[in-house]
Amino acid sequence: MKNSTLLILPVVLFSLVLAAPCEALDLAAFDVHSGLLWMIDEPADDETTGAPDPLLTPIGAALSYPLNERLSFDPGIYVFGLNYGFQEWDRPRPAQIEHREMYVVSLLLNPAFVFTFPWTERISWGTVLSPSLLLRIPTLTAEGEEAAHSDMLSYFMGAGRFIFPEAGLFLDIGVNEKISFRPGLRFFLPVFHLWDGDPLADQSLIYFDAALRFRLSSGGDSGS
């Protein structure tokens, strides 16, 4: 019951963030995301069975609600998965498949605020800021490792270890009036290390984003 409560809490927080503004605003565009996600894994004392820093390919989608000419609210969600081990180290860490204890599905909840500025006739640039939440959910268990599920979930959801605020930059390159290509570089910082004592860079996410924007109206020029 305790672990279920830990998992539900960030979902409720995310829902409260979205509920009021999305109901009151007009949808202007939606984005389809992919790209390359680099997760920084600070070495443990014993890395003999660990994995290199993971390079992942998340998929995601976002909506864009303009707030004014330059600012939009762009809630999104991204999904990726990774093998983890725990028992040999001080915390759950990415593991090679032969040493995994659990396959963990991650949901990145991203209520982003986006500032967009014109550059040329077809190209704009912008910045992204978001109080993002990362829900890491242990799913498939390796044989004989059933006890790891509860321990991993308690770590991932305890001490605010789902709080990953984001800052990023992007370009919007127009393909035609309705579609644009939006490459970006985005950083997700595990601020919970400010109080749990681990190195601040550990578990940081660097996302080389490649998105397509589909505009639904002439107001969809801003956002990410």
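The values are calculated or read from the model by the stated rules, or taken from the named source; none is laboratory data. Just so it is clear, the model here is predicted, and its values are computed rather than measured. In case anyone asks, the SASA skips ligands and DNA or RNA and just uses the protein heavy atoms, side chains included. Shrake-Rupley method; radii C 1.70, N 1.55, O 1.52, S 1.80 Å.
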Seminar exercise, completed: In whole Hz, the Karplus estimates of ³J(HN,Hα) for segment 205-211 (6.51, -1.76, 1.60; θ = phi - 60°; x where Gly or Pro) are 10, 10, 10, 8, 8, 10, 10
For this session: List the residues whose amide H sits under 5 Å from the amide H of Q203, counting only those 5 or more places along or on another chain, with H placed 1.01 Å from N in the peptide plane.
Result: I40, D41, E42
Problem set entry | Accessible surface, 1.4 Å probe, highest first, among residues L216, L71, L108 | L216, L71, L108
For this session: Could you pull the accessible area for S150 with a 1.4 Å probe, rounded to 10 Å²?
Result: 50 Å²
Seminar exercise, completed: Karplus-derived 3J(HN,Hα) from phi for segment 168-176 (6.51 cos²θ - 1.76 cosθ + 1.60, θ = phi - 60°), whole Hz, x at Gly and Pro, runs x, 10, 8, 10, 10, 10, x, 8, 8
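Roughly to the nearest percent, how much of the accessible area of segment 102-203 is carbon and sulfur, given a 1.4 Å probe? Walk me through the numbers before you get to the answer.
Values: 3210 of 4680 Å².
Within segment 102-203, the accessible surface is 69 percent carbon and sulfur.
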